[in-house]
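Before any comments, here is the structure.
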Amino acid sequence: MKHLSIKDIARLAGVAPSTVSFVVNGKHQEMRISDEMVKHIRAIIKKTGYIPNRAAASLRTGKTHVIGLIVEDIANSFFASMAKSVEKVAAKVGYRVVYGSTENNDSRGNDLIQLLVKQVDGFLITPSIGMKTGVQALRKSRKPLVLIDRYFPGEEIPFALVDNYGGVSKATECLIGKHRKNIAFVNVAMDQIQMKERERAFVEVMRDRGLFQKKWLLRLPYYQDKAQYEPRIRNFLQKHPEIDAIIFATNYLGMFGIKALKDLDISIPEQVAVFSFDDTDLFRFSSPSISVISQPVQEIAAQAMRLLLDQMGGQTKKTPEEGALIAPELILRSSV
């Protein structure tokens, strides 16, 4: 069977091939093609089973209409939601998304950049520290690029992320307002800006209130096998029975922290109040439900895509380092 071409679809629709091309490539609004005509062309495409020749289009235009999304862990609920939100926004403007996980492995992250650099029109990246050189090279080559969830301070690279400092500050103040004094903070010992900002917020609020105790600050190594966090948190709780509240810096720390508390028969919130950064279904539906510093994933994705599309459209930045810092939502549940 002969493969249909864009000219075949144009002939069946009674329009010029360029009109079909604009619809296929998501440029119908820009070219002011009527909604009725777009529906007509899409109906013919669906009926005939026409598949656009993306490779040919790429050679012709120099554009792939593909965005590369590189995240820490696509299995993590936050990054999975991020990928879904990015795909939704991208589809509206005629782009597809390919993505991969770094697992916080610098080599893997840099390999993903090299693998995708000629296949995508732009990148959205949550970089590990060791990816800085690869990210700088992308920027130097003028490849459209936006960092998500974290950024490199001092680098002129656009970013979109939540206000980590503000979120933890509010959660800490909330616990103090509920008369919790012996508050612990459980973090991952990583040199990433978002983790530093979360910890800095906790330490500064506690110091301002005259409540900070270094012994209640737990920094754990980053484990590929996340099950290793639970015994470390359990030992920490056993060592400090005076703790009456805990803030977990990530959702996976929170999940293993809750397990440790339950294994030790420590009641939530009667004995220990709990907050976690990032929401999950487990936090929403557990008993008691867990209070969280929730990241507005859809807004982060939308802002990141806006910054990326501005670059891909040739728009220049207004400032040397343009970033979108988005306020988190404090969701109070039964755990406090």
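The values are calculated or read from the model by the stated rules, or taken from the named source; none is laboratory data. Since this is a predicted model, take the numbers as computed values, not measurements. Counting neighbours? That spans all protein chains shown, and the Cβs are built from the backbone with ideal geometry, glycine included. Protein only, heavy atoms only, side chains kept; ligands, DNA and RNA dropped before computing areas. Shrake-Rupley method; radii C 1.70, N 1.55, O 1.52, S 1.80 Å.
Odds and ends about this structure:
- Of the peptides 201-208, 214-221, 126-133, the order by per-residue mean of other Cβ atoms within 10 Å, starting with the highest, comes out as 126-133, 201-208, 214-221.
- Per-pair calculated FRET efficiency, R0 = 30 Å: Leu325 and Lys63 via Cβ, rounded to 0.05: 0.50
- For Gly122, the amide hydrogen comes within under 5 Å of the amide hydrogens of Gly68, counting only partners 5 or more places away or on other chains and with H modelled in the peptide plane.
- Stokes-Einstein diffusion for the stretch 233-313 at 37 °C, viscosity 0.692 mPa s, with a Kirkwood radius from C-alpha pairs, works out to 230 µm²/s.
- Once the C-beta distance of Leu217 and Phe285 is scaled by a Förster radius of 30 Å, the resulting FRET efficiency is 0.50 to the nearest 0.05.
- When the convex hull of its Cα atoms is projected in every direction, mean area for the stretch 217-274 (nm²): 3.6
- Both radii are taken from the alpha-carbon atoms of the chain; with Rh as the Kirkwood radius, Rg/Rh is 1.08.
- Tail weight of P(r) past 12 Å, computed on alpha-carbon pairs of the stretch 156-212, percent: 66
- You can think of it this way: the chain between Lys88 and Gln228 has 46.9 nm of extra reach, that is 0.36 nm per residue less the Cα-Cα gap.
- The chain: relative contact order as a whole-number percent, Cα under 8 Å and 6+ apart: 16
- Bridge type composition, the chain - antiparallel percent by DSSP, nearest 5: 10
- Sequentially through the stretch 70-81, phi angles give Karplus couplings (6.51, -1.76, 1.60; θ = phi - 60°) of 10, 10, 5, 7, 5, 7, 5, 4, 5, 6, 5, 5 Hz, Gly and Pro residues having no value and appearing as x.
- FRET E, pair Leu115, His179, Förster distance 41 Å, beta-carbon r, rounded to 0.05: 0.20
- Normalised Debye scattering of the stretch 134-283 at q = 0.10, 0.12, 0.16 Å⁻¹ gives log10 I(q)/I(0) of -0.39, -0.54, -0.87, counting only Cα atoms as equal scatterers and leaving out solvent.
- For the stretch 1-55, alpha-carbon Rg over 2.2 N^0.38 Å: 1.04
- Computed with the Debye formula from one identical point scatterer per Cα of the stretch 49-194, without solvent, the log10 of I(q)/I(0) at q = 0.15, 0.19 Å⁻¹ comes to -0.84, -1.18.
- Protection-proxy order for peptides 300-312, 111-123, each taking the mean of Cβ atoms within 10 Å per residue, highest first: 300-312, 111-123
- Dividing the helix sum by the residues of the chain, where each DSSP H run of 4 or more adds -39500 (n - 2.57), gives a mean residue ellipticity at 222 nm of -13500 deg cm²/dmol.
- Carbon and sulfur %, accessible surface of the stretch 42-149 computed with the full protein complex present, 1.4 Å: 54
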